[in-house]
Structures are given as C-alpha cells and as structure tokens.
1. Under the Cβ-under-4.7 Å rule, which cysteines of the chain stay unpaired?
2. Which residues in region 196-234 place their backbone N less than 11 Å from a point set 7 Å from the Cα of R252 along the Cα-to-Cβ direction?
3. Using a 7 Å offset from the Cα along the Cα-to-Cβ direction at both R40 and A63, what is the distance between the two label points in nm, to one decimal?
4. In sequence order, what are the phi-derived ³J(HN,Hα) couplings for region 224-236 according to the Karplus relation 6.51 cos²θ - 1.76 cosθ + 1.60 with θ = phi - 60°, rounded to whole Hz, with x for glycine and proline?
5. I'd like the distance separating the alpha-carbon centroids of region 76-116 and region 199-252, in whole Å.
6. Treat region 1-132 as a sphere of radius equal to its Kirkwood radius over Cα pairs and apply Stokes-Einstein at 4 °C in a medium of 1.567 mPa s; give the translational diffusion coefficient in µm²/s, rounded to a whole number.
7. Among 217-223, 141-147, 97-103, how do they line up from the highest to the lowest mean number of other beta-carbon atoms within 10 Å?
8. Which percent of Cα pairs goes in each bin when the distances of region 55-250 are cut into 10 angstrom slices starting at zero?
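Every read-out reported here was derived from the displayed coordinates using simple, explicitly stated rules and does not represent laboratory data. Everything numeric here is computed off the predicted structure, so don't read it as measured data. Glycine gets a Cβ as well: all are built from the backbone with ideal geometry, and neighbour counts include every protein chain shown.
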Amino acid sequence: MITGGSRGIGAQIAEWMAEAGADVALCGRDGDAAARTAARLSDSHGGRVMGDSCDVGQPDSVAEWVQDIDERLGRIDIAVANAAVFGPVGPLDAVDLSAWLETVAVDVGGVASLAHSVLPVMHRNGFGRLVALSGGGVGGPRPLARASAYVTSKAAVCALVEVLALELAETDVTVNAIAPGAVPTGFMRGALDAGPDLAGDELFAAARDSTPADLDGLRSLFSYLVSDESSWVNGRVLSARWDSVRTLERDRSLIEAGSRLRLRRVDGDLYGELKGDSS
C-alpha cells in the first residue's frame, strides 16, 4: 500500500513494487489520477495494481481504504506513508497559520492514520513493514529554511517512527523512515509560486532545480527495508544520500547499540556513544 502513489516518489515506489511482482494498492486525493497510474503500471508489468481515492488528512478515509484493500487482497505486507503537502512558504510570522497547522495535520496525521489502520492487519498476519518518507533536510546537514511547516512535520514523522518501533518491539513488524533527498517532482511548486523574496534564495533554487535525481540509492534502501533481511532495522531514519545497505550492514553493531540513525541532539556525549568511547 502506498499513499500519495499517483505521482512523484510514490508512483516510482509503486512501479518498483509492481516490477518486483507484488500486488500494489496506491491512493491519492484525486481518485482518477490514482486509477490512471494503476492502469499504466498494470499494463507495463502485468500484475494487479489498484488505484483509489483516499485523503490521508481524513482518518476515516484511510481506515476505509485499508479495510477495502485487506478484504480484496487478504493481507497487507508493506505500507508506505508517502502522501504529504509542502505547505506555506516564507518566514513563520508571514505565513497563513491555518495552512501551517493543516500541513502538520496532513503530513504527520497521515502517517499516524495509516499506521493506526494497517498495523492490526500486519499483526494478524505476523509480518509487516511500514515505511514513512521523511525529508525537509532531516537526512542532511541542515533543514530547509522558510518551509517550517513541512520541516517540522517531517521531523515529527521521524519521532513517531521511533515511538512506534518501541511499541512494535518483539513483533515481526518494523517501522522506519527514509529521507529521499532532493527529487524534482514538482512537489515544491509552492516555493516557486512564492518567489525568491518570500522563499529565500536557497529554497527557491532547490525548487527550480530540475536535474534528474539518481534514485538507485533510494530504491536499494527501500527494497532492503521491506525485506526479511532488514528485521533488525527498526525505528531508524535513513538517508538515501548518505546511507546504503553496505554501510548499514557494516555498522550494524553500532546502530543496534546506540542512537545512530535516530533523531537526536548531537553533542559530545552522543558522539562518544557512537564512537564507542567517552571522548
């Protein structure tokens, strides 16, 4: 299952899963667009791909969609919380606060709603992989400026993932987040519409950048996270720009023992914890 799967990164993930032979259910607020994407993927890969209307900002809509897919397919192994809105652009004291709060409700609440509805299905079947898309600079050296609603939401998603992982300990269900890095999908259109004066030079330039992204790292990490081999990775935030399956396996003992790949304050104590000493 993939929310926001009718276009952008969500549609790309749906295509990877269809290509791998999985039954795929994707949704979007525009049900017609979701149906068209599903038909295209089914024609290309020959599998069962379903596209439906679902608004992740409405918990009842998510619950109905999950119940419908469970009844149609009999099980749900992988759920991807991808749907999000970019929200208002500009300094916090200059944006529409109602739009700011709505962005947080959709971007964080959408992940919570999907988890709330799909986790009982996964528990029933004894297996599950929940993957949330993060971003906003969470997977890099600093957050995006002048996109505070989106950045705050994505940081909150990482915290939610970590809390859920604690609740899912001792089960065969895991939850993790991936920060995909900059991917030119038109998602940041609001920054272009706002212009450089309101968005700031850095955010405006990022929104204008149409350089095709290398998605191999994202695909590799995603494929690993939804596999049996990744059962030890739980409650972590991975960056498609900086992490790889090789580095995960190499650093497994450090990751399992401490705070690496979690959303944490960076200070001398935690740095020492990650290095295995107190320096």
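1. Singleton cysteines: C158.
2. 229-233
3. About 3.4 nm separates the two model spin labels.
4. My calculation for region 224-236 gives 5, 5, 8, 8, 5, 5, 9, 4, 7, 8, 8, x, 10 Hz in order.
5. First find each Cα centre; the distance between them is then 20 Å.
6. 86
7. Taking the mean over residues of other Cβ atoms within 10 Å, the ranking is 217-223, 141-147, 97-103.
8. Pair shares across the bins are 9, 34, 34, 18, 4, 0.
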